[in-house]
1. Could you list, in sequence order, all residues of region B:422-454 that are crowded, with 23+ Cβ neighbours inside 10 Å and either at pLDDT below 95 or not in a helix (DSSP H, G or I) (or both)?
2. From the list A:Leu129, A:Leu61, pick out the single residue that is within 14 Å of chain B (Cβ to nearest Cβ), closer than 26 Å to B:Phe685 by Cβ and at pLDDT 95 or above.
3. Filter region B:546-572 down to the residues that are in a loop (DSSP other than H, G, I, E, B), of a type in the set (A, V, I, L, M, F, W, C) and within 45 Å of the chain's Cα centre (by Cα) and list them by number.
4. List the number of the failed condition for B:Val696; all other conditions in (1) at the interface with chain A (Cβ under 9 Å from one of its Cβ atoms); (2) hydrophobic (A, V, I, L, M, F, W, C); (3) outside any loop (DSSP other than H, G, I, E, B); (4) surrounded by fewer than 24 Cβ atoms within 10 Å (Cβ to Cβ) hold.
5. Which condition number in (1) assigned to a strand (DSSP E or B); (2) among the aliphatic types (A, V, I, L, M); (3) farther than 30 Å from B:Ser516 by Cβ is the one that B:Ile139 fails?
6. Of all residues being at the interface with another protein chain (Cβ under 8 Å from one of its Cβ atoms) and touching a residue at least 60 places away in the same chain (Cβ under 8 Å) in region B:658-677, which is nearest to B:Asp320 (Cα to Cα)? Just the residue, please.
7. Only one of these conditions is not met by B:Asn650: (1) within 14 Å of chain A (Cβ to nearest Cβ); (2) surrounded by fewer than 24 Cβ atoms within 10 Å (Cβ to Cβ); (3) assigned to a loop (DSSP other than H, G, I, E, B). Which number is it?
8. Scan region B:102-116 and tell me whether some residue there is in contact with a helix residue (DSSP H, G or I) (Cβ under 6 Å, 6 or more places away or on another chain), modelled with pLDDT of 95 or more and not assigned by TED's automatic domain parsing to the domain that holds B:Val61.
Amino acid sequence: MQINVSINGKKAAYEIDNNEFLADTLRRHGMLSIRKGCNTSNCGLCTVWIDGKPVLSCSLLAIKADGKSITTIEGVQHQAEEFARILVEGGADQCGFCSPGFIMTVLAMKNELKNPSEEDIIHYLTGNLCRCTGYMGQLRAVKKYMGVE
Amino acid sequence: MKIVGKAIPKIDGLAITTGKPVYTEDLSTKDALVIKILRSPHAFAKITSIDVSKAQQVEGVECVLTYKDVPDARFTLAGQSYPEPSPYDRLILDQIVRYAGDEVAIIAAVDEKTALLAMKLIKVEYEVFEPVLDFEKSIGSSTVVHPEDDLHCNFDMGMEKGKNIVARQHIEYGNLEEEFKNCDVVVEETWYTQATAQSMMETHRSFSYLDHAGRLVVICSTQVPFHVKRMLSIALKLPSNKIRVIKPRIGGGFGAKQTACTEIFPALVTIKTGKPALIVQDRTETFMASTTRHAMRVKVKMGADKEGFIKVIDIHGLSDTGAYGEHGSTTVGLVASKTLPLYNKTKAIRFMAEVVYTNKTPGGAFRGYGATQGTFAVESTINKLAEKLSMDPSEIRLKNIIKEGENSLYHYDQMLGSTALHKCIDTGKKMIGWDSKYPRTVLGKNKVRAVGMAITMQGSGIEKVDMASAEVRLNDDGNYTLLIGSTDNGTGSDTIHAQMAAEVLEAGMDNITVLSADTDVSPFDPGSYASSGTYVTGMAVVKASEELKRKIVDSGAKLLDVPAENTEFCGDSVKVLNKDRSISIRTIAEKSVLGGMKNQLSGFASYGSPVSPPPFVAGFAEVEVDLETGKYDLIDYVAVADCGTIINSNLARIQLEGGIVQGIGMAMYEDVHYDYKGRLQTNSFMQYKIPSRRDVKQVRTAFEESYEPTGPFGAKSIGEVVINTPPPAIAHAVYNATGVWVSHLPITPEKVFMGMNR
C-alpha cells in the first residue's frame, strides 16, 4: 500500500508493507540516521518527530504515519549541529550511535519546555539509553544547551 | 604541552552525532543479500536431519547453508594475537549445537522478509541431550560439551575436554601454610560474579563483497580487524592475502567486538555466491548469540598480622566460558594478575583456577576482562578483613598497596613505574566525606545511609605479546597522514593518536588526517582491547612521529645547505640556529615529491611493551537503604583515577564516568540468566536492564596524575580500569548499612531483604 507523508518538509509517497515499521521505511528511503537498537521501545535510537512530537519509529507501523509530517535529524541539521557541538566539546559524544535519536529528543524538549529543572530534563530524556557516557556528560551538555546551567 | 592534555573535541564527533552514514550498515550496498541465521532452540542437541529444499525454492532466496556446506576447519572467534590462547573449538556450522542460539543454518535472500520466510520452511530434527547449565557442576558431568576429536589448542592450557575443563591455572609463591599459621587474622569467603552483557548500542553486524581483483572485502563493526582477517582465512580456508577487513565508525564495543560474532557469515555467502551480503543482528540475537562476561566463583582466603599487614592471599577461581572457549583461559588470569600486585606486602600468594564449558552463550571479552571479577572478590574480602581487624578500610589499603619503585610477588621482576593511588584514595575520601560518613548514618527508623569503598588496577596493553605499528606521512601539501590499525570504537582513540602526532610534530589537529583501520592500508595493530590504544599504539605513534620529525629536519638542513645539528624544528618550518634563515615544512613537503629530492618523507615505528603499567581507580559508594524492604538507592559515587598523564581531559573524564556507570549496572541489576532448559530469558532491554539516566543519581570523578616513564608523554590506559570498583564498593556500602554481605552479584533489594531476615 501507499502512504503520503511530509518528510523533512517535502511531500513523499512511500510504498509500504502492511506490517512494516516506520524505521524500516525511512532507512530504505535513505534516512540512514535511523537506527534500531532494541526493537522493544526501550532505547530511543530510532526517535523521529511526527507532527513535531518525538516518536519511536521502530515501533510505529508505517501506515500510522500516513498523512503526517515526519522529521528526522536529516531535516534539522542546523539545530542538531548547534547542540552536537556542545555535546562534542564536552567529549560526551563517544560512539555516537545513540546520538541522532537522543538529539531529536533534546531538540523536541527545547521546543516544549522552558527553563526545565534537572529532574524535568532527566524525565524527558529517560527513554534514550546510552551505554558509553554514563549520562553525566550528556546532562552537562543539555543543561548548557537549555541555558539552565 | 600544546595539544596533549587538552579537551580536544573528537575528530569524528559532529559526523557521528548528527546522523551521517558512517557505520557498517550505512556502508552496505542496496543490492546486498540479507543474511538471517536459523538458531538452535535447544541448549545441547545433535542435528539428525535438516531439510532446506523448501526454503531454497522460495523466490528471492540465494542460498541456504547448513553444516554440510561449510569448511571443516576448527577455529576460535576470539580476537587475540596468534597463536591464540583460546581453543579452536568452533566450526562455522556444526552438526552438534551447544547452546540455545547456536547457529544451525545460514539463509541469504534478496531481503529480510524473504529470508525470514525461508527460515520458517527449514525442517530440522534434533536429538536433544541433557545440557550442563550450572558451571559448578560442569567438571565431571556426564554431559560433555565438546566431545569432538578435532578440537585443538595452540598451547597446553590444561584442557581436559572429557571433563569440560577448558583451562587450568596454578601460580604459587612462598609457603602459604606457614604464612597462614603466623597470621593473627584470617578471612575466607566465596564470591560469585554473574554473566553480564556488553550492550553496546550498535549490535553486531558485517557486510562483505568481492572487489575488482576478486578479493573478499569485509566491512565490519569490530575492535580487531587484523585478527578478523586471520580468522576468516583459517575458517574459510582462504589465503590471507585475498582478504581485506575495514573498520568504519563503531557504535561501541566494550570487548564484545573483540569476538567476531558475525563476520564469517556474509563472508561465506559472498564467496559462495559472488554477491555482496549483509548481516545485522537484532538485539535479541546479540544478547543470545554473541558473548557475555564470564560468570565466576572466586574463593579468597586472606591473612594479616594484627597491625593490618596482609601477609598471604590465596585465590581459587572457577570460570564459566559457556559453549565455546573464547577468551576463557585468559580472562580468568586477570582475577589474580590485576589484584595480587596491588597488595605487595604479602609473603605468599597462590592462584588456582579452572575454566569450564557449559551449554550457554559463550563467555567473551567485556571491559575489565576478569579483573572486574577478581576485584569484587578480593576487595570485598579486604573490606571484611578490615572489619575483623577493627581498621578503617581505607587505612588497611594505604598500608598495604604497592608504591613506585616497588615490585610484588606476582611481578617480582618488574618495578612499578608510576602510581598516584595513595592520592586517589585520599582525594576520594575527601570528596565523599568518608571520615564523617563511615560506616553509616541512621536517618530514621528504617532509613540508613552508608558508604563503602574499593580500589583497583588494570594494565596498559598485553606485555610481551601485543605490538602495534604506526606510520606518519608528510604529504605534498605539508599536512600529515597518520596511518594506524588501532580501532576507535567511540572512545576517541583516533583523536588521541592525532593529538600525540600533532604534539610531536608541533602541528595543529587540522593538519593531521587519521586513517584507521583497513588491513590493506593500515600497519599492523592487534586492535583495541586490553587497554592498549593510548599506551601501545600511542607509543608507536610517538616514535613514528619522532622519526618523521628527524627526517624533516635532515631534509630541511640539506635544502638550507647546513648541517642538521645547526637547525631546529619549529612546527611550521626548519630554522637555522641563531640565524634568520628557515625553510617551511610546506616547501620541504613540496620538494620531497616535486623537486629534486624525490623522496617522500614518512616515519614508521612499531612498539610492544615488556611491561603493562597499571592505571588505578579508588571508588567510593554512598547508599541509602530502606531497612523494611531492602530497597536501596545509590545516591553518590565518587571515583578518582590515575591514568598517568591525561592525553585528553574530556575523553578521560567520560571514560571514567561511563565505566563507573557500567560497573553500577553490574553491581545492582544487570544479570544474564537462563531458564531450566538453558534458554536465555534476558534477551531484550525489557528483561536485561542497563542503567538509564534515571537510575544513575550522581557520579563524581577526579584524576590524580602520575607520570609513567614507559608511556607516551607519561600516559597509561583508562578504558577498562574504570568498571571495576562499583560492585565491591556498593556491596561494602550495603553491608555497612544493613550488616548483610551480598556475595552473589548483582546486589538486588531481594537479596538484601532476604539477608536481613535470615
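The values are calculated or read from the model by the stated rules, or taken from the named source; none is laboratory data. Computed from a prediction, not measured in an experiment: that's the story for all the values here. Reconstructed Cβ throughout: ideal geometry from the backbone, glycine too, with neighbour counts over all protein chains shown.
1. If the condition is that a residue be crowded, with 23+ Cβ neighbours inside 10 Å and either at pLDDT below 95 or not in a helix (DSSP H, G or I) (or both), then B:Ala450, B:Val451, B:Gly452, B:Met453, B:Ala454 are the ones that fit.
2. A:Leu129 is the lone residue from the list that is within 14 Å of chain B (Cβ to nearest Cβ), closer than 26 Å to B:Phe685 by Cβ and at pLDDT 95 or above.
3. Step one: list which residues in region B:546-572 are in a loop (DSSP other than H, G, I, E, B), which gives B:561-563, B:570-572.
Now drop any that are not of a type in the set (A, V, I, L, M, F, W, C), which leaves B:562, B:570.
If the condition is that a residue be in a loop (DSSP other than H, G, I, E, B), of a type in the set (A, V, I, L, M, F, W, C) and within 45 Å of the chain's Cα centre (by Cα), then B:Cys570 is the only one that fits.
4. (3) is the only condition that B:Val696 fails.
5. (1) is the only condition that B:Ile139 fails.
6. B:Gln662
7. Every listed condition holds for B:Asn650 apart from (3).
8. Here is the first cut: in region B:102-116, the residues in contact with a helix residue (DSSP H, G or I) (Cβ under 6 Å, 6 or more places away or on another chain) are B:106-109.
Restricting the remaining residues to those that are modelled with pLDDT of 95 or more gives B:106-109.
Imposing the further condition that a residue be not assigned by TED's automatic domain parsing to the domain that holds B:Val61 reduces the set to none.
So far as region B:102-116 goes, no, none of its residues is in contact with a helix residue (DSSP H, G or I) (Cβ under 6 Å, 6 or more places away or on another chain), modelled with pLDDT of 95 or more and not assigned by TED's automatic domain parsing to the domain that holds B:Val61.
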